[in-house]
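All remarks here apply to the structure that follows.
Read-outs: derived from the displayed coordinates by stated rules, not from any lab. As the structure is a prediction and not an experimental result, all values here were calculated from the model. We place every Cβ from the backbone using ideal geometry, glycine too, and count neighbours over all the protein chains shown.
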Ligand SMILES: C=Cc1c2[nH]c(c1C)Cc1[nH]c(c(CCC(=O)O)c1C)Cc1[nH]c(c(C)c1CCC(=O)O)Cc1[nH]c(c(C)c1C=C)C2
């Protein structure tokens with residue numbers, strides 16, 4: 001079998017040569033650092049685990065629990081009739097075949113947590129269905145923002161110093177960058193008593209407001225679809241938050257990190273050291289090293305489908321589909337948790353442990369107690385509008401563009417967050433002549449729709465997307481195919497005070513369930529697929545420690561890991 005060709009030119013390599021990471025046994029020192037288990041009960045050795053929710057977090061939890069606890073019996077409860085949660089891929093008919101549309105997520109990055117995802121892909125025999133986009137491809141190098149009334153290509157080292165300086169000198173979007181960065185080390189650090197702050201306020205203090213409004217807010221749109229003036233600097237940029245306090249400057253902290261090692265929590269240090277020790281197949285390593293992002297032939301849904309197939313094939317995992325969890329309650333004195341589905345009179349089962357991969361709001365709803373287990377964590381709604389045009393090259397080469405908060409209203413009355421050029425990112429070989437067509441996704445809403453009581457319907461969403469594309473890219477053509485996806489509550493917002501909420505949740509869950517309920521999901525340690533997979537991996541590793549899955553929140557930075565340099569085998573720790 002051959003690895004799928006990317007149109008960006010990776011030579012196909014024999015599959016067995018590829019993606020065969022060999023993870024050596026955990027070194028003794030790391031096992032010792034985690035500490036010996038004090039005791040193990042029968043139910044720890046033979047756990048009967050309920051997993052609530054079959055999105056990527058639930059599926060990945062089942063995968064790692066099965067791998068790390070071979071005696072586990074697992075039941076995955078899912079309210080709907082489909083698996084994968086936000087991983088949704090659809091095919092729409094077009095004149096000469098079909099076109100693949102992604103509902104939410106489209107690409108995955110291979111760095112750090114992404115290595116786990118790549119391992120998973122190998123285990124699931126997905127490597128041949130994976131499309132890798134090279135870092136040198138235009139999709140990876142050309143990133144744009146729309147400010148104030150045109151597309152600005154952001155500088156990339158490969159463009160050369162003159163091009164970069166020219167862009168910085170001529171584009172208003174980049175006006176504050178050089179003074180902001182040069183002045184940062186000389187600014188006073190924050191007051192010691194400050195426990196958290198919005199990213200907007202934090203970057204305004206450290207750099208300047210222009211960087212926040214014109215640049216950083218765009219990046220925040222692309223990841224969280226959120227408001228930079230509400231999201232937490234401490235939760236989303238913990239290392240920078242620490243650098244200001246400890247090094248008095250972010251820039252100084254970064255320079256020191258490069259020279260002496262990057263500050264890390266104990267858990268991250270263990271994880272990082274293991275990543276560095278992984279023995280990747282040389283051919284696969286070359287592919288990964290050259291990869292900017294990857295995706296799947298039939299879209300992100302493939303990852304969920306293959307995970308589910310793998311779990312079902314194990315004989316130890318049962319899927320209870322269309323079984324909405326109605327209530328969970330700890331059976332005191334029995335060390336068991338009861339899971340009741342469908343209604344108050346619906347069927348119930350007891351389990352030794354429950355892993356909730358539900359949203360915090362949903363978990364609070366199914367908990368039988370009177371107070372909320374998890375304090376309120378706001379979410380945003382994003383409407384993604386996929387469009388397919390017969391005419392090729394209706395957009396410039398590149399990943400797409402993000403729209404910062406500072407872009408004037410008259411340039412963005414649709415309240416869009418950005419546009420992804422899907423054709424450039426994940427060319428789908430199944431689509432006849434796909435390279436000759438144009439496929440785009442317009443992202444609307446997010447925090448712009450905060451407080452709205454009703455939202456655009458399908459036709460209105462399509463009209464908004466078309467009017468934006470006409471103004472920004474001059475596209476007047478009617479799309480041959482389109483799809484509007486309203487993603488309700490899809491991205492949790494880590495607003496100021498988020499980590500304090502997680503600590504409160506940890507206390508509540510621990511008090512009510514004594515280690516029998518654990519939580520995972522995109523509201524804990526990152527909203528991306530890689531983050532969810534990593535979170536599930538860590539949950540499984542610490543499964544028998546009696547925790548809730550929230551123990552790492554606010555963990556101190558205790559180690560430094562030196563970045564790997566060419567010729568070095570792996571970094572050192574201090
Ligand atoms: C519903 C839409 C989503 C938006 N953000 C996310 C989703 C699912 C989650 C997300 N997006 C990105 C990250 C960064 C880390 C990562 O895992 O890659 C996360 C957690 C980055 C990103 N955003 C967009 C793309 C194509 C990428 C990856 C590409 C890359 O970095 O090279 C597009 C995009 N996503 C959203 C918007 C508004 C948007 C606009 C162009 C919201």
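Taking the Cα atoms of region 157-275, the ratio Rg/Rh between the radius of gyration and the Kirkwood radius comes to 1.00.
Annotation: for a label point projected 7 angstrom from Cα along Cα→Cβ of residue 194, no residues of region 256-273 have a backbone N closer than 20 Å.
So if R0 is 22 Å, what FRET efficiency would residue 393 and residue 467 give, r being the distance between their Cβ atoms, rounded to the nearest 0.05?
Numbers: r = 21 Å, r/R0 = 0.96.
Once rounded, the FRET efficiency stands at 0.55.
Counting neighbouring Cβ atoms within 10 Å and putting the fewest first, the residues 449, 523 line up as 449, 523. Each DSSP beta bridge with both residues in the chain is either parallel or antiparallel, and the antiparallel ones are about 75%.
Between residue 246 and residue 80, the FRET efficiency estimated from the beta carbon spacing at R0 = 35 angstrom works out to 0.15.
One chain, two ends: residue 558 and residue 156. Fully extended at 0.36 nm per residue, the span grows by 141.4 nm beyond their Cα-Cα distance.
Which shape class, rounded, prolate or oblate, goes with region 60-109 when its Cα gyration tensor gives a ≥ b ≥ c as root eigenvalues, a/c under 1.5 marks rounded, and past that a/b bigger than b/c marks prolate?
Values: a/c = 3.38, a/b = 2.41, b/c = 1.40.
Prolate is the answer for region 60-109, as a/c is 1.5 or above and a/b outweighs b/c.
The alpha carbon gyration tensor of region 463-538 gives principal lengths a ≥ b ≥ c with a/c of 1.5 or higher and a/b greater than b/c, which makes the shape prolate.
I want to verify the translational diffusion coefficient of region 308-425 in µm²/s; compute it with Stokes-Einstein, Rh as the Kirkwood radius over Cα pairs, at 25 °C and 0.890 mPa s. Walk me through the numbers before you get to the answer.
Numbers: Rh = 19.4 Å.
For these conditions, the coefficient is 127 µm²/s.
Put a dot 7 Å past the Cα of residue 452, heading toward its Cβ, do the same for residue 178, and the two dots end up 4.0 nm apart.
Please state the shape class of the chain: rounded when a/c is under 1.5, otherwise prolate if a/b exceeds b/c and oblate if not, all from the C-alpha gyration tensor. Present the calculation step by step, with values, prior to reporting the outcome.
Working: a/c = 1.39, a/b = 1.24, b/c = 1.12.
Rounded.
Fewest to most neighbouring Cβ within 10 Å: what's the order for 102, 460?
Details: 102 25, 460 13.
Result, fewest neighbours first: 460, 102.
Going from the residue with the fewest nearby Cβ atoms within 10 Å to the one with the most, 250, 164, 211 rank 164, 211, 250. Once you reduce region 499-532 and region 374-394 to the center of their Cα atoms, the two points are 27 Å from each other. Label sites at residue 289 and residue 111, each approximated as a point 7 angstrom past Cα along Cα to Cβ, lie 1.7 nm apart.
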